[in-house]
Amino acid sequence: MEKPNQMSEERLIATVRMDCHRQAKIAQEKLNDVVECLGDENHLGALGSFSGLDEDVVALKVFLTRIARITVGETTELDS
């Protein structure tokens, strides 16, 4: 029987999915700012809005890869 303070695998997966959704929304907002700045011909603003976006996308990919390995299995090649 599962200990009361231990997360079930299903709950862990749901929590990670919710966090991935949150991370994707943050990245989307940053990218929207970049697009808006570029539309205003403000390349410096676009560059500033891009700050941290690459790290956000990498972190999101890491979590999505891990959740995929939990749900699909280790044999799937997801790193390409």
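The values are calculated or read from the model by the stated rules, or taken from the named source; none is laboratory data. Please read these numbers as outputs of a predicted model, since none were measured by experiment. Ligands, DNA and RNA are excluded from the accessible area calculation, which covers all protein heavy atoms including side chains. Shrake-Rupley method; radii C 1.70, N 1.55, O 1.52, S 1.80 Å.
Can you run phi through the Karplus equation (6.51, -1.76, 1.60; θ = phi - 60°) for the stretch 18-25 and list ³J(HN,Hα) in whole Hz, with x for Gly and Pro?
4, 5, 4, 4, 4, 4, 5, 5
Probe radius 1.4 Å, ligands and nucleic acids left out: which of D33, D40 has the largest accessible area, and how do the rest follow?
Ranking D33, D40 by accessible area, largest first, yields D40, D33.
From the phi of every residue in the stretch 54-69, what ³J(HN,Hα) in whole Hz does the Karplus formula 6.51 cos²θ - 1.76 cosθ + 1.60 yield, where θ is phi - 60° and glycine or proline is x?
4, 5, 4, 5, 5, 4, 4, 5, 4, 5, 5, 5, 5, 5, 5, 5
Suppose we take every Cα in the stretch 11-80 and form the convex hull; what volume per residue is that in Å³?
82
May I ask you to give the percent of accessible area on the stretch 18-58 that is carbon plus sulfur, with a probe radius of 1.4 Å?
Heavy-atom surface of the stretch 18-58 belonging to carbon and sulfur, 1.4 Å probe: 60 percent.
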